[in-house]
1. Summing +1 for each Lys or Arg and -1 for each Asp or Glu, what net charge is found among the other residues whose Cβ lies under 15 Å from the Cβ of Arg68?
2. Quick one: among Leu22, Leu72, Leu40, which has the greatest mean-square fluctuation in a GNM of the chain with alpha-carbon springs under 10 angstrom?
3. R0 = 22 Å: FRET efficiency of Arg59 with Glu81, Cβ-based, nearest 0.05?
4. Given H placed on each backbone N at 1.01 Å, which residues far from Asp39 in sequence or on other chains put an amide H within less than 5 Å of it?
5. Choose one answer from Gly65, Gly36, Gly19: the residue with the largest mean-square fluctuation in a GNM of the chain with alpha-carbon springs under 10 Å.
6. Computed over the Cα atoms of region 2-84, what is the convex hull's projected area averaged over all directions, in nm²?
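Please treat every number below as a calculation from the coordinates, not as lab data. No experiment lies behind these values; they were computed from the predicted model shown. Note that we place each Cβ from the backbone using ideal geometry, even for glycine, and neighbour counts take in every protein chain shown.
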Amino acid sequence: MVTAIVLLNAEPDRVAPLGRALADVEGVQVAYSVAGDEDLVAFVQAAGHEELADLVTTRIAPLPGVTRTRTLIAFRAYSREDLANI
């Protein structure tokens, strides 16, 4: 399983509808509207890198209002429990 964080820029009047549309995309675990350089952040999971590429390029990027995406692939997950056991 590949986990990634997709940072999205959007047309200003499309942020809320785009957030709702992202939540309906299979593979998107959760989407947040955010302050800063990006407008939305989506946490996604896919079976592998090819599936991740397909998810981002054919199901997320073409959504109405998306102007740019940037994908960060996660290598390792850390939680409070993990850090307490170090």
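1. Numbers: positive: Arg14, Arg70; negative: Glu11, Asp37, Glu38, Asp39.
It works out to a net charge of -2.
2. For the chain, modelled as a Gaussian network with Cα springs under 10 Å, the answer is Leu72.
3. 0.10
4. Counting only residues 5 or more places away or on other chains, the set is Leu8, Asn9, Ala10.
5. Gly36
6. Quarter of the Cα hull surface area: 5.9 nm².
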